[in-house]
1. Just for region 139-158: of the residues that are in a helix (DSSP H, G or I) and in contact (Cβ under 8 Å) with a residue 12 or more places away in the chain, which one is farthest from R129 (Cα to Cα)?
2. What is the number of the single condition among (1) within 22 Å of F39 (Cα to Cα); (2) surrounded by 15 or more Cβ atoms within 10 Å (Cβ to Cβ) that R89 does not meet?
3. Please go through region 18-75 and pick out each residue that is of a type in the set (A, V, I, L, M), closer than 19 Å to A101 by Cβ and either more than 26 Å from the chain's Cα centre (by Cα) or outside any helix (DSSP H, G or I) (or both).
4. Can you tell me which residue is surrounded by the fewest Cβ atoms within 10 Å (Cβ to Cβ) among those in region 98-119 that are part of a helix (DSSP H, G or I) and in contact (Cβ under 8 Å) with a residue 40 or more places away in the chain?
5. Would it be correct to say that V78 is in a loop (DSSP other than H, G, I, E, B), hydrophobic (A, V, I, L, M, F, W, C) and touching a Cys at 6+ places or on another chain (Cβ under 9 Å)?
6. Which one of V95, V78, V62 is surrounded by 14 or more Cβ atoms within 10 Å (Cβ to Cβ) and out of contact with any Ser or Thr (no Cβ under 7 Å at 6 or more places or on another chain)?
7. Do you know which residues across region 73-111 are aliphatic (A, V, I, L, M) and in contact with a Leu (Cβ under 9 Å, 6 or more places away or on another chain)?
8. Scan region 159-177 for residues that are assigned to a loop (DSSP other than H, G, I, E, B) and either surrounded by 10 or more Cβ atoms within 10 Å (Cβ to Cβ) or of a type in the set (V, I, T) (or both) and jot them down.
Amino acid sequence: MSDNSKGWWDRLRRPSTRFSVLGLLGIGFVGGLVALSGFLGELHATATESFCISCHEMRDNVYMEYKNTPHFSSKSGVRATCPDCHLARAFVPKVARKAAAVREVIHKVKGTIATREKFGNHRLEMAQRVWAEMKANDSRECRSCHDAKAMDYAKQSRRARLQHIRGDDQGLTCIDCHKGIAHQLPDMQQIDPSAVIGAQQ
């Protein structure tokens with residue numbers, strides 16, 4: 001270490017002669033509150049539909065598709081927005097997803113999906129990543145609105161009833177059958193057709 005850096009290190013380790021211990025604790029407490037407020041504010045601001053579609057890649061592609069689905073407009077008036085389906089409500093999974101979003105920021109800067117054509121070229125890869133996440137967490141975000149235990153099979157169509165019973169018996173999760181429910185499916189010829197049984201139901 002240089003003499004200059006040693007000097008700074010010694011100052012950090014030395015007790016303060018200007019502030020009391022209580023004063024230092026108070027400053028640390030207030031500073032922590034300010035930092036926490038800023039973090040929670042950022043977490044909230046980036047968990048909105050308006051933030052999601054502020055990137056033209058989302059606004060011009062998947063958002064336009066979503067606007068033509070029951071998740072956007074329905075007879076009940078209930079709307080599921082981007083964060084409802086793609087961001088956990090619980091704090092720890094939400095923060096983990098935000099941390100993983102760094103990858104998306106990097107690709108935004110690189111222009112990986114900057115045009116409609118580029119977006120189409122990467123659609124299958126992006127979709128498979130989302131499907132894998134949803135499969136791994138048992139379609140957690142779907143279940144924040146749709147409670148399988150509250151489903152009344154008698155009120156469902158025959159096809160839906162049979163599919164849900166089959167899914168229960170086989171231990172399937174929502175995304176196993178409902179790929180393409182809010183966005184257009186990518187070109188599925190590249191993967192096993194059995195991976196999309198019941199897609200777009």
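The values are calculated or read from the model by the stated rules, or taken from the named source; none is laboratory data. Given the structure is predicted, the values throughout are model-derived calculations rather than measurements. Positions of Cβ are generated from backbone atoms using ideal geometry, with glycine treated the same way; all protein chains shown enter the neighbour counts.
1. Taking the candidates together, the pick is Y153.
2. Only one criterion is unmet by R89, namely (2).
3. A47, I53
4. Looking at the filtered set, the residue picked out is R116.
5. Here the answer is yes, as V78 does meet what is asked.
6. Going through V95, V78, V62 in turn, just one is surrounded by 14 or more Cβ atoms within 10 Å (Cβ to Cβ) and out of contact with any Ser or Thr (no Cβ under 7 Å at 6 or more places or on another chain): V62.
7. Selection gives V95 alone.
8. Hits for region 159-177 are L172, T173.
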